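**Q** The structure under discussion is supplied below as structure tokens; questions concerning it will follow.
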Amino acid sequence: MYALTGSADFGKRMACKLRRPAMSNDPETEEATMISDRMLQLRRIAVSIPDGLLNMAVVEQAAECGTARCLAGWATVDPWFVAQGITRVLRVGRQGRYIDWYELSAFFALAEYDTKTLFGAYLPRYMDPHAVSKAEVIANVDRAISGVVTVPYAAVPGLLA
């Protein structure tokens, strides 16, 4: 059904929970299925990010062992997400590439707060690149999939979950 690594059982439970029964030509059902597929694919990406190459404070940054990216940055280079049109969430400015939070919220059908906490908008730009663990990111994706409010990462000063 879905090619998930890590906790495949969780992914299967969420796929069953998120999918609505198919109805012929029902745009709302098709949209809900598309959104749930996007969240499950986001989890796939979070699980598959190479160790040391997750930096939730930047969209993209050269690192000694490759290119480090935030979760949204990894999604923008994934072929499945590119085919879905995720590249529209990226903007380029004087400081380089950045995320359009409104577009990202719409793409994943998340509330603005959930989008910003899940994708690290509240993180200090110049923090330790490994301050947010992959396990924290996966746990927050799982919260979003479950319909629970996402929480700020521990590296965010002054914000408590």
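**Q** When the range 14-71 is examined, which residues are found to be in a strand (DSSP E or B) and either at pLDDT below 85 or touching a Cys at 6+ places or on another chain (Cβ under 6 Å) (or both)?
**A** The answer is Glu60, Gln61, Ala62, Ala63, Gly66, Thr67, Ala68.
**Q** Test Leu123 against the stated conditions and say whether it is surrounded by 16 or more Cβ atoms within 10 Å (Cβ to Cβ) and either hydroxyl-bearing (Ser, Thr, Tyr) or modelled with pLDDT under 90 (or both).
**A** yes
**Q** Condition test on Asp78, is it modelled with pLDDT of 80 or more, of a type in the set (Asp, Glu), in contact with a helix residue (DSSP H, G or I) (Cβ under 6 Å, 6 or more places away or on another chain) and surrounded by 13 or more Cβ atoms within 10 Å (Cβ to Cβ)?
**A** It is true that Asp78 is modelled with pLDDT of 80 or more, of a type in the set (Asp, Glu), in contact with a helix residue (DSSP H, G or I) (Cβ under 6 Å, 6 or more places away or on another chain) and surrounded by 13 or more Cβ atoms within 10 Å (Cβ to Cβ).
**Q** Further question on the same structure: Which of the residues belonging to the range 87-105 are touching an Asp or Glu at 6+ places or on another chain (Cβ under 6 Å) and not in a strand (DSSP E or B)?
**A** Passing the criteria: Arg88, Val89, Ser105.
**Q** Take the residues in the range 126-136 that are hydrophobic (A, V, I, L, M, F, W, C) and either out of contact with any Gly (no Cβ under 9 Å at 6 or more places or on another chain) or modelled with pLDDT of 95 or more (or both), then tell me which one is nearest to Ser48 (Cα to Cα).
**A** Ala135
**Q** Restricting the range 137-156 to residues that are in contact with a Ser or Thr (Cβ under 9 Å, 6 or more places away or on another chain) and among the β-branched types (Val, Ile, Thr), which is surrounded by the fewest Cβ atoms within 10 Å (Cβ to Cβ)?
**A** Restricting to residues being in contact with a Ser or Thr (Cβ under 9 Å, 6 or more places away or on another chain) and among the β-branched types (Val, Ile, Thr), the top hit is Val149.
**Q** For Ala46, are the conditions met, namely being surrounded by 19 or more Cβ atoms within 10 Å (Cβ to Cβ) and either in contact with a strand residue (DSSP E or B) (Cβ under 7 Å, 6 or more places away or on another chain) or not polar (S, T, N, Q) (or both)?
**A** yes
**Q** Take Ala139 and decide whether it is assigned to a loop (DSSP other than H, G, I, E, B), of a type in the set (A, V, I, L, M, F, W, C) and out of contact with any strand residue (DSSP E or B) (no Cβ under 7 Å at 6 or more places or on another chain).
**A** Criteria not met by Ala139.
**Q** Let me ask something additional. So Lys134 ticks every box in (1) surrounded by 20 or more Cβ atoms within 10 Å (Cβ to Cβ); (2) basic (Lys, Arg); (3) farther than 22 Å from Val77 by Cβ but one. Which box is left unticked?
**A** (3)
**Q** So, Arg97, is that one modelled with pLDDT under 85 and in contact with a Leu (Cβ under 6 Å, 6 or more places away or on another chain) or not?
**A** yes
The values are calculated or read from the model by the stated rules, or taken from the named source; none is laboratory data. What you see is a predicted model; the values in this text were computed from it and never measured. Note: ideal-geometry Cβ built from the backbone for every residue, glycine included; neighbour counts use all protein chains shown.
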